Each structure stands twice: as C-alpha cells, then as structure tokens.
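To keep things clear, I will list the structure first and then write my remarks on it.
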Amino acid sequence: MQIGKKILVMGGSCSGKSTMSQALSEKFNIPVLYLDLYDPYAVNDKQERDKRKQQIQDMIGKTIQSKSWVIDGIYEWYNFTERMDMADTIILLKQPALPRIWRYIKTCATKTKRHGRSGFSAKNFRFDHIWYMLRRADAPYKQIQDEIKKHKNLQVIVLKSYREANEFLKNVQIKVK
C-alpha cells in the first residue's frame, strides 16, 4: 500500500496514534507533530491553558504548510478542516474500547514510554479515563467520518486492531509522484 506525505493519524484514546505516528516518522523521515504535548487540560491555570490552545493552533498552522508531515491526534478539532484540506492521507485507528483500556492499564503499570505524551504511570492512572473510554467508545469516529465525506480526494485507511496496524506498518510505502 502507498500513502502520501501529509498524514493525519486519528483515533480514540490509547488506540496507538502516537506509536503509529512515530513509526511512520522513522520509516519515511517525516516530521511528526504530537498534539498531546500541548494538551491544554494538563494544566490548571486558565492563562496557561489558553496559551496551550493557541500553541496547538499555531503549530498545526505551521506544520500543514510543510511539504511532508504526520499529525498525531485530534484535540478539540483545532484547525480540523484546514488539516483535512491539506492532508493526502488519514489513518483512522478504530480499535475497540476494551483493548484500548487494557493498553492504558498496561502502560500505566509498566511505565512504558509513550511517544506523544510525557507518559502514563501508576501515579497518574485514573479510573475516570477508563470510564471516558467506555462512555465514548465510538468517539470521535462519527465526526471524523462526517468530515471525510467532504474530502473526496483524501486517502482513508481504517485499521481496526493493533495487529492490522502492525501489518500496515510493515507493508506501507510512500507514493512517488
């Protein structure tokens, strides 16, 4: 399978977005923007939160002007239409909630390094995050699918399991124009 050089990686929490983004970045030497690093809700101070929201918008705006990129995450739909307009490929990770919850628990328990965020650990394990994943098991897929319908030239790759994601990474190539 061949994909373009402007790639959006989207999916639910703990679906493997950062892992996929890092692997694509390394395999094709494409810069990656991890939106998790600018999480406005990781800080309590309103001014700092607003600053981070602006950083997300600025970083996305700058990134999508480049000739190649991977953007990892959704984050409140910041510059979402612009991202979709500039992308040539979207990789949608649609793993079910239970495997994602297991991945979250395992990552917290083993302190596995994550590519996007600074990392989960037992210290920041939250039951409300599990509840969030269960409650929003299909989120954000509906909104993404609705936006995809408006972008007919966008190559859409849907991966429904971690195994499918690993197979995809083994076989994927960048399109040569």
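The values are calculated or read from the model by the stated rules, or taken from the named source; none is laboratory data. Quick caveat: nothing in here was measured; it's all calculated off a predicted structure. With ideal geometry, Cβ positions are generated from the backbone for all residues, glycine too; neighbour counts draw on all protein chains shown.
Details
- The one condition in (1) modelled with pLDDT under 85; (2) under 23 Å from Val158 (Cα atoms); (3) under 15 Å from the mean Cα position of the chain (by Cα); (4) not charged (D, E, K, R) that Tyr38 fails to fulfil: (2)
- Which numbered condition Arg52 misses (of (1) free of Cβ contacts under 8 Å to residues at least 40 places away in the same chain; (2) assigned to a helix (DSSP H, G or I); (3) closer than 21 Å to Asp128 by Cα): (3)
- In the range 119-143, the residues that are within 9 Å of Cys108 (Cα to Cα) and at pLDDT 80 or above form no Cβ pair under 9 Å with any partner that is among the basic types (Lys, Arg) and assigned to a helix (DSSP H, G or I), whether six or more places apart or across chains.
- Filter pass, Arg163 being out of contact with any strand residue (DSSP E or B) (no Cβ under 9 Å at 6 or more places or on another chain), among the basic types (Lys, Arg), exposed (fewer than 12 other Cβ atoms within 10 Å of the Cβ) and modelled with pLDDT under 85: no
- Of the listed requirements (1) closer than 19 Å to Met133 by Cβ; (2) without any contact (Cβ under 8 Å) to a residue 60 or more places away in the chain, Gly11 misses just one: (2).
- Among residues of the range 74-116, those that are buried (at least 16 other Cβ atoms within 10 Å of the Cβ), assigned to a loop (DSSP other than H, G, I, E, B) and at pLDDT below 85, counted: 7
- In the range 1-43, the residues that are in a loop (DSSP other than H, G, I, E, B) and either of a type in the set (D, E, K, R) or more than 17 Å from Tyr141 (Cα to Cα) (or both): Met1, Gly4, Lys5, Asn29, Ile30, Pro31, Asp39, Val43
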